[in-house]
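First the structure, in the form of structure tokens, and then the observations on it.
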Amino acid sequence: MILAIVVGVIPTATACAAEARPALPPLPPGAQRPFDLFRSADVALINDAQIKLQSQCMVDRGYSQFSNLLAVHTEPGFGFEADPFEPRTEEQARLYGLGKPRPATPGRVSGAGDAAYNSAIDHCEETAWKAVVDTGPFRQYYQLGNALASEYGGVLDEVGEDFRDAVIDCLSAGGFTAAGGDPGSPESFGVKLGSHVGGSEPAGEDGGTTVTVHPPTPAIEYVPTQQEVDFAVALVRCRTETGLFAKADQVAEEEQRSIVEDHAVEFVELNPTIEAAAKEAAKVLGR
């Protein structure tokens with residue numbers, strides 16, 4: 001809505017300040033991309049410390065099934081760490097083809113118990129969080145991680161589409177052809193994929209009342225077929241030669257930087273709190 005037409009207006013300091021963004025915190029050591037400013041590893045560390053303290057509290061109150069969770073080690077991840085164009089190297093392609101091992105998952109306890117159990121778990125959860133971090137900022141940081149993942153999701157899809165024909169032509173020259181082939185769908189090239197082998201999720205065990213103890217799940221190896229390995233190696237070479245990898249890295253850098261800058265205020269306000277909480281969490285865990 002136009003309120004007035006004013007000639008010769010000089011921008012005020014207040015107007016400029018309103019548009020200015022705060023300087024972002026420094027990237028952590030070893031950072032390789034803008035999203036590394038988000039402390040995913042610290043979030044995982046804080047979670048592990050909370051679980052350990054909560055579990056010890058429950059063990060002390062007589063719920064020994066929680067001893068299963070005293071050494072939980074979760075992996076950081078908000079979804080934006082995934083690379084839609086893996087594998088990136090021929091070494092990776094030869095090792096796992098187009099797949100990857102399934103990581104181990106920590107144990108957990110689920111279900112609802114009687115009134116005494118419910119009272120104990122509520123108390124232990126609350127005291128454990130208070131000992132590690134203020135849940136308000138931590139919840140905000142989780143929301144920030146989810147926002148980064150949401151805003152970044154799909155930004156590289158266009159890169160894959162732009163290079164689709166060039167990559168297909170390259171694969172065809174290497175002996176992999178299919179009518180309407182999609183580099184993201186090896187089956188359309190007649191490639192048989194491998195599978196995960198060894199290990200399975202252990203069945204839950206009754207832990208008393210209606211509480212179920214779920215043991216940790218071991219890592220499961222992925223074994224590719226030779227045909228899959230050959231296709232994966234060819235795909236890596238084609239994505240390199242056509243410039244897809246280079247373009248994807250350029251777009252990822254630009255998009256991540258823009259998204260991080262849009263959330264500069266949150267990073268400035270929350271990163272110091274998360275870093276401090278992670279140090280306390282490390283003491284709890286002895287890491």
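Take LEU270: with every protein chain present and a 1.4 Å probe, its accessible area is about 10 Å². Legend: calculated FRET efficiency, ASP114 to HIS196, from the Cβ-Cβ distance at R0 = 41 Å, rounded to 0.05, equals 0.60.
Put a dot 7 Å past the Cα of ASP165, heading toward its Cβ, do the same for ASN146, and the two dots end up 4.1 nm apart. Take the chain with all the other protein chains still there, run a 1.4 Å probe, and you get 56 Å² of accessible area per residue. Expressed as a whole percent, the accessible surface of the chain that belongs to carbon and sulfur atoms is 53, based on a 1.4 Å probe.
Counting only DSSP H runs of at least 4 residues, each contributing -39500 (n - 2.57), and dividing by the residue count of the chain, the helix-based mean residue ellipticity at 222 nm comes to -16500 deg cm²/dmol. Computed from the C-beta positions of GLU90 and SER64, the FRET efficiency with R₀ = 45 Å rounds to 0.35. Basic side chains Lys and Arg get +1 at the Cβ, acidic Asp and Glu get -1 at the Cβ, and with that the dipole of segment 36-132 about its Cα centre reaches some 220 debye. For segment 50-56, take each phi angle, set θ = phi - 60°, evaluate the Karplus expression 6.51 cos²θ - 1.76 cosθ + 1.60, and give the result in whole Hz per residue in order, putting x for glycine and proline. Coupling constants for segment 50-56: 4, 5, 4, 5, 5, 5, 4 Hz.
Working ranking of peptides 150-162, 228-240 by packing, defined as the average number of other Cβ atoms within 10 Å per residue, highest first, is 228-240, 150-162. Under a straight-distance cross-link criterion of Cα-Cα below 21 Å, which lysines are reachable from LYS279, leaving out those fewer than 8 residues away in the same chain? The reachable lysines, counting only those whose Cα sits under 21 Å from LYS279, are LYS52, LYS130. The lysines within cross-link reach of LYS100, meaning a Cα-to-Cα straight distance under 20 Å and a gap of 8 or more places when in the same chain, are LYS192. Taking R0 as 30 Å, what FRET efficiency do you get between THR273 and ALA82 from their Cβ-Cβ distance, rounded to the nearest 0.05? For THR273 and ALA82, the calculated efficiency is 0.65. Placing unit charges on the Cβ atoms only, positive for Lys and Arg and negative for Asp and Glu, gives segment 125-201 a dipole magnitude near 260 debye about its Cα centre.
Ordered by 1.4 Å accessible area with all protein chains kept, ARG21, ARG108 run largest first as ARG21, ARG108.
Ordered from highest to lowest accessible area with the whole protein assembly present and a 1.4 Å probe, HIS214, HIS73 read as HIS73, HIS214. Only one residue of ALA149, LEU270, GLY190 has its Cα farthest out toward the positive end of the dipole of the chain, where Lys and Arg carry +1 and Asp and Glu -1 on Cβ, and that residue is LEU270.
The values are calculated or read from the model by the stated rules, or taken from the named source; none is laboratory data. In this text the structure is predicted, and so the values were computed from the model without any measurement. We place every Cβ from the backbone using ideal geometry, glycine too, and count neighbours over all the protein chains shown. SASA here: full protein model, heavy atoms, side chains in, ligands and nucleic acids out. Shrake-Rupley method; radii C 1.70, N 1.55, O 1.52, S 1.80 Å.
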